[in-house]
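Read-outs throughout are calculated quantities, based only on the coordinates presented, and are distinct from any laboratory measurement. Being a predicted model, the structure only gives us computed values, none of them experimental. Cβ placement follows ideal geometry from the backbone for every residue including glycine, while neighbour counts extend to all protein chains displayed.
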Amino acid sequence: MAAATGEVATRRGRKSGVEEEDELDHPTLLQKGYLPIINWTLKHSVATILLAVLVLGGTLALVPFMKTNFLGDSGQNTLSVSQQLPVGTSLDAQDAAATQVEDALRSIEGIDTVQVTIGSSGNSLFSAFAGGGEGGITYSVTTDESADQEALQDTVRSELADITGAGEIELAAAGGFGGSSDIEVDITAPDQDALQEATDAITNAGKDLDGMRQVTNNLSDSRPYVAVQVDRDSAAAAGYSEVALGGFVSQAMQPTTTGTIVIDETTLNIYIATENQPASIEELSALEVPTLLGPVRLDSLASVEEVDGPSTITSVRGQRSATVALTPASDNIGTASAEVATMLDETDLPAGTTATLGGVTADQGTAFQQLGLAMLAAILIVYIVMVATFRSLRQPLLLLISVPFAATGAIALQVITGVPLGVASLIGVLMLIGVVVTNAIVLVDLVNQYRARGMAVTDAVRHGSSRRLRPILMTALATIFALVPMALGITGHGGFISQPLAIVVIGGLISSTVLTLVVLPTLYNLVEGARERRQNRHDAKERAEVADPTPAT
């Protein structure tokens with residue numbers, strides 16, 4: 001009975017093969033174009049695999065031509081302009097300088113509104129004496145949403161560069177979802193002089209780079225201030241410590257809060273102020289300080305002089321620090337970062353000074369590393385799922401051959417369109433891993449079904465590939481055409497994320513679909529066909545031994 005059942009099963013398998021042969025005798029128009037290709041690749045498997053390896057080699061050769069960035073331009077229609085005038089500049093002079101910049105901004109086509117802020121909240125002693133502020137002016141600019149924001153920024157920079165006698169003017173796009181696109185160099189030094197020297201050296205070297213649009217640093221210019229250096233011995237003889245004498249001078253220069261009082265249910269602060277505050281260095285030097293021996297001049301207990309020093313001090317782990325920001329002239333952050341790194345290696349810095357890349361370069365490196373790990377995890381998870389589905393360790397590896405070929409189209413299309421590889425692009429690659437493997441699973445699953453019916457590997461591959469050609473192409477084309485609007489950048493302000501993602505998916509689907517329909521069947525035929533031939537030889541040997549059990553003499 002078992003033998004009869006096996007015979008029936010064999011006959012069914014043969015009948016199915018005859019039916020499939022009949023179907024291929026009348027192929028569709030799509031199959032007529034595909035069958036000659038698959039027949040040639042199955043007959044020339046080694047040549048096909050070598051061609052596939054050459055394609056992957058060409059993909060690697062395209063990598064240096066591909067731009068890279070973090071998130072790209074977010075398309076926000078706001079700008080920030082800062083204008084720095086010499087310290088102590090009067091408000092009238094600041095207003096006159098701001099008028100020049102404001103008029104230049106308003107005359108640029110594409111700028112809607114300009115908001116100007118003059119002055120600061122600086123409260124240094126010298127500002128009180130000179131009657132001027134720190135000379136900082138800021139402009140908040142709103143542009144036309146329909147304008148080309150990058151081109152408009154270049155126009156603003158060129159127009160502002162033509163203004164003379166208005167101090168230092170800097171432009172920065174308002175930080176949005178992607179933050180700043182500046183490459184930052186973080187500098188640390190053991191003292192202020194070394195920090196100033198290193199910052200100046202890197203700033204000047206950065207300005208000589210052709211790939212940089214703007215180079216700035218946050219190291220405040222030195223500004224004059226009144227320094228009161230206490231003579232410890234003289235102060236101690238008069239009954240003062242350094243802290244006590246410093247507190248007395250501070251109280252003489254500015255009101256001191258001593259408490260609060262409630263009047264008509266309103267809490268008010270109580271200040272004690274000197275009746276005649278010193279208005280010059282000479283008056284401060286002559287300030288009377290009460291002692292046990294009677295009042296004495298301040299300059300008899302401390303030196304009072306005007307010195308230069310930084311208005312702000314930034315430190316990292318106990319060392320003075322500064323940041324040089326370099327704005328790339330293009331959207332290729334990878335090339336610009338390499339250019340800055342080379343510049344740092346060639347710049348001589350003072351002993352004990354360090355300079356490291358930060359800003360968008362550090363953000364890009366961290367994001368790429370994390371997404372790279374996510375892609376490896378995705379491939380591993382897909383492999384585990386396929387092992388459980390196919391109950392084989394070998395066939396899931398064959399299916400994963402579609403993944404590197406997805407990179408071929410993705411990289412090629414990015415090089416052709418000039419869209420940089422960024423975080424959004426790598427998210428598209430994560431999507432591709434699942435999509436391209438799905439097409440491969442559909443194809444191999446049908447091939448396995450034909451083999452289970454008794455069909456030879458080569459015939460099963462030919463029939464399975466031709467039968468799955470139409471659904472695989474339909475799935476890929478539907479996804480590609482659905483992403484075309486995103487790839488064309490007509491999705492509004494979200495285009496800085498959607499366009500790179502769509503281009504990667506479209507390019508990856510095109511290459512992986514074509515090569516999956518050609519390379520995967522060939523590779524499957526090589527691996528499983530070799531296994532089938534070994535099994536056939538083994539079965540033939542066993543049949544020969546059964547037919548002739550007499551041992552050789």
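R0 = 30 Å: FRET efficiency of S107 with A329, Cβ-based, nearest 0.05? Provide the component values of the computation, followed by the final result.
Working: r = 24 Å, r/R0 = 0.80.
With a Förster radius of 30 Å, E is 0.80.
Please order V307, V81 by the number of other Cβ within 10 Å, starting at the fewest.
Numbers: V307 11, V81 22.
Fewest-to-most ranking of V307, V81: V307, V81.
Contour minus end-to-end for L60 and Q115, with contour as 0.36 nm per residue of separation and end-to-end as the Cα-Cα distance? Could the numbers behind the result be given before it?
On the way: separation 55, 0.36 × 55 = 19.80 nm, distance 4.93 nm.
Fully extending the segment from L60 to Q115 adds 14.9 nm.
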Net dipole in debye of the stretch 228-309 [+1 Lys, Arg Cβ; -1 Asp, Glu Cβ; about Cα centre; nearest 20]: 280
Sort Y524, Y139 by Cβ crowding within 10 Å, fewest neighbours at the top. Y139, Y524
Counting other beta carbons within 10 Å of each Cβ, put V55, V185 in order, fewest first. V55, V185
Please give the contour-minus-distance gain from A377 to T389: 0.36 nm per residue of separation, less the Cα-Cα distance, rounded to one decimal in nm. 2.5 nm
FRET efficiency, 1/(1 + (r/R0)^6) with R0 60 Å, evaluated for F481 and Q192 via beta carbons: 0.45
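Between D208 and Q254, how high is the FRET efficiency from 1/(1 + (r/R0)^6) when r is the Cβ-Cβ distance and R₀ = 35 Å? Nearest 0.05. Before the final figure, lay out each step's value.
Working: r = 45 Å, r/R0 = 1.29.
For R0 = 35 Å, the calculated efficiency reads 0.20.
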